[in-house]
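All of the numbers you see were taken from the coordinates with simple rules; none came from a lab. The model shown is predicted, which means the values in this text are computed figures rather than measured ones. Note that each Cβ is placed from the backbone with ideal geometry, even for glycine, and that neighbours are counted across all protein chains shown.
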Amino acid sequence: MHAEGLLVRGGELKIKEMEVQCYLFVLLGSTLFVDKSRDRLRPAINLFLKDHRRLTNYAWGAGALAYLYRQLGVATRAGSKGLCGCLTLLQAWIYEYFPLFRPSQLPQSLDAPRASSWISPRLSGGDEARQRLARYGQLLDELSADDVTWTPYGRDGHTDIPRSLYTGPIRFSDIAEGYDPSRCLRQFGYRQIIPGAMTVPHDQYRPASGSSYIVFWDLWVNQLWDNVAARRLDLDFASRPCEHPSEIVEEYVDWFLTRSHPRITHPTDGEPQPRPLLVHQVLREQIVDRLGPVLLTRDRSKWEEDGGKFYDMVAGVFELYDQLVGQPPQ
C-alpha cells in the first residue's frame, strides 16, 4: 500500500486524498473483498482508508484470508449458489498444492507474483462444464496424500514469514475466523498430529432475519495479533520433521474422518453405503458449543436447570436414533 506515493503535492500531479481513497476502495473491493452483488462494494472497507498514513499498519493478507474463510463456510450451505472472496488467492493455492489441477505455467522471475505465472485455461459452459465438474469430483475422491505437494514454498517457508505460525483468530471488520497452523503441519515439513482446540468466540447467534450471524469475542482476543511472538506455534515442541512429506501420527486419520466428509460423490451403484454416525461424540459437542454460550449469558443459576434438561432430552433422542439404525451408542 504505497498511497503516500500517490499523494504528490504541487503542479499537475496533485491528487486529492479523496481520489486516492476512492481508488483504493474500488481496488480492494474488486480484488480482496469481493461479494456477489456485481456492482456494489462492502462499505466496511472504507473504514480502513480514511487515514492513508495507517494503510501499511493493517494486515491486508490476514484480512483477505479471514474474509475468504468466511465465504467458504457460507458456500457450504445448502442454499448457496456461488462463492465470493479473493478467488485468485484460492485458485493459486489449489495450483500450488494439487498438481492434478494445475494448468500450464510460464517461467517467471523470483520477484514477480507467483499467481501471475499460471495460464488459466479457457473453459466452456453447458454440458461440458457439468462433465468437467463431475470429473473434478472424481479426482478429489481418488486423491491420496502422495498426490499433494505439501511444501510448495520449501520446508523452511515459516522462517521467512514467522507470522505463518501465528495461532488465533484473524479478522476483517466484523469477521473473525480461526487460524491454526497445527491443523496442517505437513506444509511446514513436519509430521501431522491431532491438533488442539481452537480459540472460539464466547457467544454467537443468528438473527431471525438475514443469512449472516453475529459473533462476540473476548476483549483479550483483539490483542492476540499484536503479540505474535507469544502466539506463535513451536513446531519442534508440537511435532518433529517429516521423514516423508505426507507423514502423520497413527490416530490422525480416525480424528480427521470424524470431522470431515471423506468423499464428494455420493455412491449411486450397488447397495447404499452407510454413513458414519458420530451422534454421541460430534453432535453433542456441537450442541453444547452452540447452546452453552447462550445460556451462560443468562442467570448462571439457571444453567444446571435449563442446560441439564435440554441435554438429557437431546441425549435421549440420540440414543433412540442409535437403536433405530442398529448402531450401539458410542
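With a simple spin-label model that places each label point 7 Å from the Cα along the Cα-to-Cβ direction, the separation between Asp156 and Ser104 comes to 3.6 nm.
The equivalent ellipsoid that matches the C-alpha gyration tensor of region 1-157 spans semi-axes of 35, 21, 16 angstrom, in descending order. Working note: Debye formula, equal point scatterers on the alpha-carbon atoms of region 158-234, no solvent; log10 I(q)/I(0) at q = 0.14, 0.21, 0.26 Å⁻¹ is -0.54, -0.99, -1.27. With 0.36 nm allotted per residue and the present C-alpha distance subtracted, the Ser37-Thr149 stretch has 36.8 nm of extension available.
Approximating the spin labels as points 7 Å out from Cα along Cα→Cβ, the Gln223-to-Arg53 distance works out to 2.6 nm. The simple Förster model, with R0 at 25 Å and r as the Cβ-Cβ distance, assigns Arg259 and Arg163 a FRET efficiency of 0.45. Each peptide among 240-251, 111-122 gets the average number of other Cβ atoms lying within 10 Å of its residues, and from highest to lowest they stand as 240-251, 111-122.
Close amide-amide hydrogen proximity is noted between Ile248 and Gln192, each under 5 Å apart and 5 or more residues distant or on a separate chain (H modeled in the peptide plane; Pro and chain starts excluded).
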